[in-house]
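The values are calculated or read from the model by the stated rules, or taken from the named source; none is laboratory data. Keep in mind that what you see is a predicted model, and the values were worked out from it rather than measured. Every residue, glycine as well, gets a Cβ built from its backbone with ideal geometry; the counts of neighbours run over all protein chains shown. Protein only, heavy atoms only, side chains kept; ligands, DNA and RNA dropped before computing areas. Shrake-Rupley method; radii C 1.70, N 1.55, O 1.52, S 1.80 Å.
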Amino acid sequence: MYLADRTWPELNEEMAGETLAVVPLGSTEQHGPHLPLATDHLIAESLARAATERTGHVCTPTVDVGVSSHHRQFDGTLWVDPPAFRSYVESLTRSLTYHGIDRVVFVNAHGGNVEPLREVGRRLREDRTAYAIEWMWNESIPDLVEELFEHPGPHGGPKETSMIMHVARELVDEDRLLDARDGGVVDLEDTDSRKFGARTFYDAIDNSKNGVFGDQTDATPEKGKQLFEAATDQLVALLEWLGDQPFEDLMPEPHVGADRR
């Protein structure tokens, strides 16, 4: 159920007794010469809406701009700083709890959002407001990603390219897949990104001149369909599991030892 498409009287009925909501989050940032800046938030929203259509849970509008300053050298990239992002997402989630939601899944498609989202979840859990967890689509199906691609790439690679070919093929510049591969980095291990155990880079451009990694020529719409359906199945399973859990079982364990007041 996509929240923003309903009227409030409809929601008054449809959200009665509902305790679980899905919040899709992504970014507006460069994804190489072949993919749109909307890549991450398109993937997140598509997965969130597909899963909530199957389960009947609430899907909120998408958070389109995330923590992306590490892509700032590329035109069009937008970002917010981590504290602002954390504050916004926490406030948004607290607004859901006013309507009876006490568990939230952050359907996330951007690596820069991961740590702030986990911090938001911890804060909400510690004050017993809600149980909120971050879910990243490719981490739910690692075996399939490995099976389909020799070089999936951590950013703008064939896994993301295939997904956008499936959900919004008209936005993929398929004539530039070879440019994306040859102008970027196929294997992150080929970069000089670490020295003596230290991570020595901060921005994507420090490792890849066109901002992307992996072999984009390995992407197909058919592979994107496989990825999308498998990830949606995983998200549906997570929502069904979470919806069945007693709220108290999701809250922090009590202090060990003697009773403390």
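Could you tell me whether any residue of the range 198-205 is touching a helix residue (DSSP H, G or I) at 6+ places or on another chain (Cβ under 9 Å) and either closer than 22 Å to Glu53 by Cα or in a helix (DSSP H, G or I) (or both)? Yes - at least one qualifying residue is present in the range 198-205. Hey, among Glu147, Glu115, which residue is more than 20 Å from Pro24 (Cβ to Cβ), open to solvent by 20 Å² or more (accessible area, probe 1.4 Å) and not in a strand (DSSP E or B)? Result of the check over Glu147, Glu115: Glu147.
Is it the case that some residue within the range 84-94 is part of a helix (DSSP H, G or I) and among the β-branched types (Val, Ile, Thr)? Checked the range 84-94: at least one residue is part of a helix (DSSP H, G or I) and among the β-branched types (Val, Ile, Thr). If you go through the range 71-112 and keep only what is farther than 24 Å from Asp203 by Cα, of a type in the set (Phe, Trp, Tyr) and touching a residue at least 60 places away in the same chain (Cβ under 8 Å), you end up with just Phe106. Does any residue of the range 48-59 turn out to be buried (at least 22 other Cβ atoms within 10 Å of the Cβ) and closer than 21 Å to Leu171 by Cα? Among the residues of the range 48-59, at least one is buried (at least 22 other Cβ atoms within 10 Å of the Cβ) and closer than 21 Å to Leu171 by Cα, which makes the answer yes. The residues of the range 205-230 that are farther than 20 Å from Ser140 by Cβ and open to solvent by 10 Å² or more (accessible area, probe 1.4 Å), listed by number, are Ile205, Asp206, Asn207, Lys209, Asn210, Phe213, Asp215, Thr217, Asp218, Thr220, Pro221. The C-beta contact set for the range 22-43 (first residue over 30 Å from Asp102 (Cβ atoms), second residue open to solvent by less than 10 Å² (accessible area, probe 1.4 Å) and in a strand (DSSP E or B), distance under 6 angstrom, 6+ apart or interchain) comprises Thr39/His31. Between Val105, Val120, the distinction of being assigned to a strand (DSSP E or B) and either open to solvent by 40 Å² or more (accessible area, probe 1.4 Å) or among the hydrophobic types (A, V, I, L, M, F, W, C) (or both) belongs to Val105 only.
Within the range 46-58, one or more residues are touching a His at 6+ places or on another chain (Cβ under 9 Å) and touching a residue at least 60 places away in the same chain (Cβ under 8 Å). Is the range 215-228 home to any residue that is part of a loop (DSSP other than H, G, I, E, B), hydroxyl-bearing (Ser, Thr, Tyr) and over 20 Å from Val172 (Cα atoms)? No, the conditions are met nowhere in the range 215-228. The test for being at negative phi, modelled with pLDDT of 95 or more and more than 23 Å from the chain's Cα centre (by Cα) does not hold for Asp206. Only residues that are acidic (Asp, Glu) and closer than 11 Å to Ser27 by Cα were counted in the range 59-75, giving 1. For the criterion of being part of a strand (DSSP E or B) and of a type outside the set (A, V, I, L, M), Pro33 fails.
Quick check: is even one residue across the range 68-85 within 30 Å of Ala16 (Cβ to Cβ) and surrounded by fewer than 22 Cβ atoms within 10 Å (Cβ to Cβ)?
no
Considering the range 150-190 alone, what residues qualify as being closer than 12 Å to His31 by Cβ, touching a Ser or Thr at 6+ places or on another chain (Cβ under 7 Å) and either open to solvent by 70 Å² or more (accessible area, probe 1.4 Å) or in a loop (DSSP other than H, G, I, E, B) (or both)? Matches in the range 150-190: Val172, Gly184.
Out of all the residues in the range 231-261, which are open to solvent by 30 Å² or more (accessible area, probe 1.4 Å) and either closer than 19 Å to Met136 by Cα or among the hydroxyl-bearing types (Ser, Thr, Tyr) (or both)? Before the answer, list the steps.
Residues of the range 231-261 open to solvent by 30 Å² or more (accessible area, probe 1.4 Å): 233-234, 237-238, 240-241, 243-249, 252-261.
Once the filter is applied, which keeps residues that are open to solvent by 30 Å² or more (accessible area, probe 1.4 Å) and either closer than 19 Å to Met136 by Cα or among the hydroxyl-bearing types (Ser, Thr, Tyr) (or both), the range 231-261 yields Asp233, Gln234, Ala237, Leu238, Glu240, Trp241, Gly243.
Scanning the range 1-30 for residues that are in a loop (DSSP other than H, G, I, E, B) and either among the hydrophobic types (A, V, I, L, M, F, W, C) or under 19 Å from Pro61 (Cα atoms) (or both) returns Met1, Arg6, Thr7, Met15, Ala16, Glu18, Thr19, Gly26, Ser27, Glu29.
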